[in-house]
1. Which one is surrounded by the most Cβ atoms within 10 Å (Cβ to Cβ) among residues in the stretch 2-22 that are assigned to a helix (DSSP H, G or I) and in contact with a strand residue (DSSP E or B) (Cβ under 9 Å, 6 or more places away or on another chain)?
2. So which residues in the stretch 222-232 are open to solvent by less than 60 Å² (accessible area, probe 1.4 Å) and either under 17 Å from the mean Cα position of the chain (by Cα) or not hydroxyl-bearing (S, T, Y) (or both), if there are any at all?
3. Restricting to the stretch 131-148, count the residues that are within 11 Å of the ligand (Cβ to nearest atom) and touching a residue at least 24 places away in the same chain (Cβ under 8 Å).
4. Out of all the residues in the stretch 23-42, which are more than 14 Å from the ligand (Cβ to nearest atom) and open to solvent by less than 50 Å² (accessible area, probe 1.4 Å)?
5. Is it the case that the stretch 12-35 has a residue that's touching a His at 6+ places or on another chain (Cβ under 9 Å) and either more than 19 Å from G102 (Cβ to Cβ) or touching a residue at least 40 places away in the same chain (Cβ under 8 Å) (or both)?
6. Quick one: count up the residues across the stretch 229-247 that are closer than 25 Å to G174 by Cα, touching a helix residue (DSSP H, G or I) at 6+ places or on another chain (Cβ under 9 Å) and free of Cβ contacts under 8 Å to residues at least 60 places away in the same chain.
7. From the list L67, L49, which residue is under 26 Å from the mean Cα position of the chain (by Cα), closer than 19 Å to V168 by Cα and not in a loop (DSSP other than H, G, I, E, B)?
8. Kindly indicate the residue of the stretch 246-300 that is outside any helix (DSSP H, G or I) and within 16 Å of the ligand (Cβ to nearest atom) and also most open to solvent (accessible area, probe 1.4 Å) among those meeting that condition.
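The values are calculated or read from the model by the stated rules, or taken from the named source; none is laboratory data. This structure is a prediction, so every number in the text was calculated from the model and none was measured. Here the Cβ is made from the backbone with ideal geometry for all residues, glycine too, and neighbour counts use every protein chain on show. Accessible surface is based on the protein model in full, side chains and every heavy atom, while ligands, DNA and RNA are left aside. Shrake-Rupley method; radii C 1.70, N 1.55, O 1.52, S 1.80 Å.
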Amino acid sequence: ESGEFLAAFQKRIDAEEKIEPNDPMPEGYRKTLVRQIGQHAHSEIVGMLPEGNWITRAPTLRRKAALLAKVQDEGGHGLYLYAAAETLGVTREQMTEELLSGKAKYSSIFNYPTPTWADIGTIGWLVDGAAIMNQIALCRCSYGPYARAMIRICKEESFHQRQGYEIVMTLAKGSPEQKELAQDSLNRWWWPSLMMFGPSDRDSVHSEQSMAWKIKRFSNDELRDKFINATVPQAEYLGLKVPDPDLKWNEEKGGYDHGEIDWDEFWRVVKGHGKMNRDRIAARKKAWDDGAWVREAALAHAEKRRNRQDA
Ligand code: FAQ
């Protein structure tokens, strides 16, 4: 790639032009997007599992209908995202193989278990809340198909966040046992939710280039701080305690200071050693294997139609 080509491309980015599938682009730009969009798609699909766990046990019909709809939305988000990645010349099969072999990552957050009903509320509140904070910025991503997919996804995530917050609110205002369930769930999900934003800026290998290409609009730490500032008052409103003894309002910067994140835990989970990593991949592998006959039948049908047309 010539310096001239790279400079012309950067000029388009700097002018806030959207890059579209057939436009010339540097190989690194294409690769970064395939990696990020693919991992994002995998996160949506793997993210169906912790909540899917509660569909049959939701406490009321209303809760069950909302949860079912939410999990279905996540399947839809995965599909838009796989389709956006496919515009960059990678296939769904390739991406799935990379997920199952462990080459492609998915969000660390989905490797934590959901032992109580309160976890369904907390996931909506914190995990969807964090997802929105990250994805609102991605609506302005320089790659057109990804940015456009994000607009619809964010609208749906905002419903997800509200249904989660409402579950936690019901528990937090309920009996002492219910409040305890909500607090215990917040205790377990707070730190993993902060880890969703990725490593600290000093350890984020991709941030600098991704920000120059306007794939990312904010750094990992910037988005994490925005999330903390938005979420702490919500916990206060619920009468729940954020499990960080070092959390303190900093008047000067107009935001919270927070305690140190356990980065050893983060990397352990990212590298496949979280509580649920093996179960999650085993579930996805089973779904892929069980669906093989559908893919084969669809191909055979397409082949038959082609032969009929040729005849
Ligand atoms: N988990 O250099 P950076 C959802 C990896 S929301 C696992 O900072 P980058 C909705 C990273 O890939 C969740 N791995 O990387 C939902 C890289 O490894 P690589 C999904 C992580 O890309 C809600 C390495 O560490 N959202 O699903 C994590 O510039 C409820 C170095 O990191 C997205 O994917 C992590 N937390 O920034 C569904 C958003 N963090 O690829 C169901 C789009 C970092 O070199 C229920 N993605 N890594 O092998 C992004 O915005 C970015 O990719 C970041 C990471 C910010 C996640």
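1. Among those residues, the one meeting the criterion is F9.
2. Across the stretch 222-232, the qualifying residues are L223, R224, D225, F227, I228, N229, A230, V232.
3. 8
4. Residues satisfying the conditions are D23, M25, P26.
5. Taking every residue of the stretch 12-35 in turn, at least one turns out to be touching a His at 6+ places or on another chain (Cβ under 9 Å) and either more than 19 Å from G102 (Cβ to Cβ) or touching a residue at least 40 places away in the same chain (Cβ under 8 Å) (or both).
6. Selection size over the stretch 229-247: 6.
7. The conditions single out L67.
8. So the residue we want is K275.
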